[in-house]
Structures are given as structure tokens and as C-alpha cells.
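Here is the structure we will look at.
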Amino acid sequence: MSLPGPVTKPAALGAADRFLPVWILAAMALGLALAVFAPAFGDLLHSFSIGSVSVPIAIGLLVMMYPVLAKVRYSDARAVAGDRKLLYSSLVMNWLVGPALMFALAWAFLPDLPEYRTGLIIVGLARCIAMVLIWNDLACGDREAAAFLVAVNSVFQVVAFSGLGWFYLQVLPSWLGLPTTSASFSLWAITLSVLVFLGIPLIAGYFSRRFGEATRGRAWYEGTFLPRVGPFALYGLLFTIVLLFALQGQQVIDRPLDVVRIALPLLVYFAVTFIVGFVLGKFIGLSYERTTTLAFTAAGNNFELAIAVAIGTFGATSGQALAGIVGPLIEVPVLVGLVYVALWMRPRMFPTRSAVSAHHELPVADRV
């Protein structure tokens, strides 16, 4: 099913597309209401954790990610590895530009608040391996390229997170004559985050496609099975948002001015990283689909990992933990807005783009 006209015109979009921001705002409001009027609900959710992983949030993320990863054509995803322009530009954006930009913004906006500053730097080091797949799909990005880049980032995350944390919290500040922060990060917490939030849905999605196509054929798999499981991605997204706000909303309400100060550099970070990634993709000759994937994989962050690391290292009531908590509360609405920005820029920056395969032209309700 293709859109009958420019995808950015509201008249061409279905109800789920037009009202997606409404559903997300409603989920955020419900979560805040639960935090304020039913604080025992948040305490109950906190009790269901395995190590640093919140089981309810893990369930929501897995439900959200499985349909997206089940739609990936893994035989095509392997071919993405040959696109060196995409791979190298993604590595530069994620592991050089992103952390360096967050470091600069944290010091520029929070020079007098070291705990929040450190928390933001940790957020900048936690590259997104989960929710970015949803934003990429909503913006008609390249699904196979997103799956490949997320897998690459997950490997880098395990290998490089601790070293980059040491560099940005101790080495670079020392070179610049700034105060340093001592922190040791749990390799197990980082590995567990990758295995749970990417490994499980990736394996499930891969074997779903492999066995579905082998037993019933691609036509049945993509024409019957995927439309049935597709809506669960949106359900999982909304469920996860409700839980995040229910778990962390009280801290946000208790310290509104602190939240504003943390939010400002985050807003700049998401906008600048996305725009730089989008312009870079256009400049090096990527298609709209891969340019969008490059921009979203660079702009998103692994909020679960950032929160887990901050709590495990500095404590649940620390300023570092609050900065990690504010991250997804700002990221979700901002990146939803950037989905519409990407769709608006598509006909303007890529007016002669080649035809896109049908699964990238589905409306939001079918894509997720």
C-alpha cells in the first residue's frame, strides 16, 4: 500500500499518522498522572528489576522492537555492509561527533552543575540500539540499513563505552584545565543492555522471517503475518512511554527548574546531531532512506543504558541519574517531531529520489 501523494500532506495520512503525536503526548500524560496520583505504582515497577534492567520496560521495548526487526529483509541487510560511505559516516557521527557535541553542550550549559553535566556526558556516550528503529521506520528510512548500523553500534558500545567515559570525564577535562570526574562503569551492565534490548528481538525477528518464509513463503509472511504483528510496535512504544514517565515522573515534577536546565542542551543536541547527519548524508550522495537512517541512528541515545550506568555508578537519587532520566523524556517528543521534519525535507532535498520499495511507503499504522 503506497501513499496517494506527498507523504507530508496530512490529507494523505491515516488516522494513526496524523494523531501519532497525540497518542505519545497522551501516554506521557498518563505516566505523569500515575507518578503523581499513584506513586505506589512506580514503586511496584521498581521492584521488578533484574540487576540494572527494569523488567516492565524491557518487555515494552521488546514488544516495540520485535515487529520492526521481523520486517527486516536480512538477506538485504547483509548487502548494507558494502556501503562504506554509510558505515563510516555513521561511525563518525556516533562515536566522534555525538559524544564530543554532548561534552561541549554539557559544559556550555551546565558549568556550575557537575552532577548533571556528568549525567549528560554519559547520555552522549550511550548510542541508541532500540527506539531508533521506530523513528527510522516512521520516517521511511532504510530498515535494513538501520538494523545493520544498530548491530554495529551495539558492538562498539560494549567495546568503547568505558574507554570513552574515561576520556570525556577525566582525560579531556584535564587537558582543558577543567575539573575531572572519577567513574568506573560496569562492563556487565553495558553488555546486558545490548543483549536484552537488541539481542533478543533481533534473534526473534531473524528467525521469524527465516522460518515464516521457509514454511509459508514471502508473500504470506509479508502480506499476512507482518500486518498482524505490526501494530504491536506502536502498542509497545506507548506502553514503554507510560512506564518511563510513571517511574521517573515524580523526580521531574519535584525539580522542574533543574529539568529545564538539563533539557536545554538535550534539545540542542538532538536537533544539531540530526541536522548534521541529514546534511552529511545528502552531501556524500546517500539516498533519502539511508540519509534518514544515518541521521536518526546518530541522534538517538540508549536511555536505558545511560540510566542504568548513572544509577549503578552514582546512585538512584544522584544528579547524574536525574540527567539520564530527563534524556528519554525529552528525546521521545523531539524525535517524533524530527520524523515529520524528515518527511517534510524529503521532497525538498531529494526531489528526484528513486522509487522506494513498498514496505518503506506504508503509513505509520502499517509500518509500526
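Structural remarks
- Scan of segment 8-55 for residues that are part of a loop (DSSP other than H, G, I, E, B), at pLDDT below 75 and among the small types (Gly, Ala, Ser), ordered by number: GLY14, GLY51, SER52
- Counted residues, segment 59-69 - those being of a type in the set (A, V, I, L, M, F, W, C) and buried (at least 22 other Cβ atoms within 10 Å of the Cβ): 5
Here's the yes/no breakdown for (1) farther than 18 Å from PHE303 by Cβ; (2) surrounded by 15 or more Cβ atoms within 10 Å (Cβ to Cβ); (3) over 26 Å from the mean Cα position of the chain (by Cα):
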{"site": "SER193", "(1), (2), (3)": "no, yes, no"}
{"site": "LEU198", "(1), (2), (3)": "no, yes, no"}
{"site": "ILE203", "(1), (2), (3)": "yes, no, no"}
{"site": "TYR206", "(1), (2), (3)": "yes, yes, no"}
{"site": "ARG209", "(1), (2), (3)": "yes, yes, no"}
{"site": "ALA214", "(1), (2), (3)": "yes, no, yes"}
{"site": "GLY223", "(1), (2), (3)": "yes, no, yes"}
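- Listed conditions (1) touching a Leu at 6+ places or on another chain (Cβ under 6 Å); (2) surrounded by fewer than 17 Cβ atoms within 10 Å (Cβ to Cβ) are all met by ALA126, apart from (2).
- Matching residues, segment 114-135, being closer than 20 Å to ILE275 by Cα and among the small types (Gly, Ala, Ser): GLY124, ALA126
- Cβ-Cβ under 9 Å pairs, at least 6 apart or on other chains, segment 100-113 side farther than 19 Å from VAL276 by Cα and in contact (Cβ under 8 Å) with a residue 60 or more places away in the chain, far side of a type in the set (Lys, Arg) and surrounded by fewer than 19 Cβ atoms within 10 Å (Cβ to Cβ): PHE109/ARG261; LEU110/ARG261; LEU113/ARG261
- Taken over segment 232-259, the criterion of being closer than 10 Å to VAL63 by Cα and not aromatic (Phe, Trp, Tyr) is satisfied by ALA233, LEU234, GLY236, LEU237, THR240.
- Where helices (runs of 4 or more DSSP H) fall wholly inside segment 221-328, the ranges with 1 or more residues that are at pLDDT 85 or above and small (Gly, Ala, Ser) are 231-254, 256-283, 288-299.
- Conditions (1) hydrophobic (A, V, I, L, M, F, W, C); (2) assigned to a helix (DSSP H, G or I); (3) touching a residue at least 12 places away in the same chain (Cβ under 8 Å); number of the one not met by PHE207: (3)
- Taken as a whole, the condition of being in contact (Cβ under 8 Å) with a residue 24 or more places away in the chain and under 15 Å from MET131 (Cα atoms) applies to VAL196.
- When GLY5 is tested against the conditions (1) on the phi > 0 side of the Ramachandran plot; (2) modelled with pLDDT of 80 or more; (3) not hydroxyl-bearing (Ser, Thr, Tyr), the lone failure is (2).
- Long-range neighbours under 8 Å by Cβ, at least six apart or interchain, first residue under 12 Å from VAL158 (Cβ atoms) and modelled with pLDDT under 70 within segment 182-193, second in a loop (DSSP other than H, G, I, E, B) and not charged (D, E, K, R): SER186/SER52
- Residues that are among the β-branched types (Val, Ile, Thr) and either at pLDDT below 80 or in contact with a His (Cβ under 6 Å, 6 or more places away or on another chain) (or both), drawn from segment 329-368: THR352, VAL356, VAL364, VAL368
- On the stretch given as segment 70-111, residues that are buried (at least 19 other Cβ atoms within 10 Å of the Cβ) and not in a helix (DSSP H, G or I) total 2.
The values are calculated or read from the model by the stated rules, or taken from the named source; none is laboratory data. What you see is a predicted model; the values in this text were computed from it and never measured. Cβ atoms come from the backbone with ideal geometry, glycine included; neighbour counts cover every protein chain shown.
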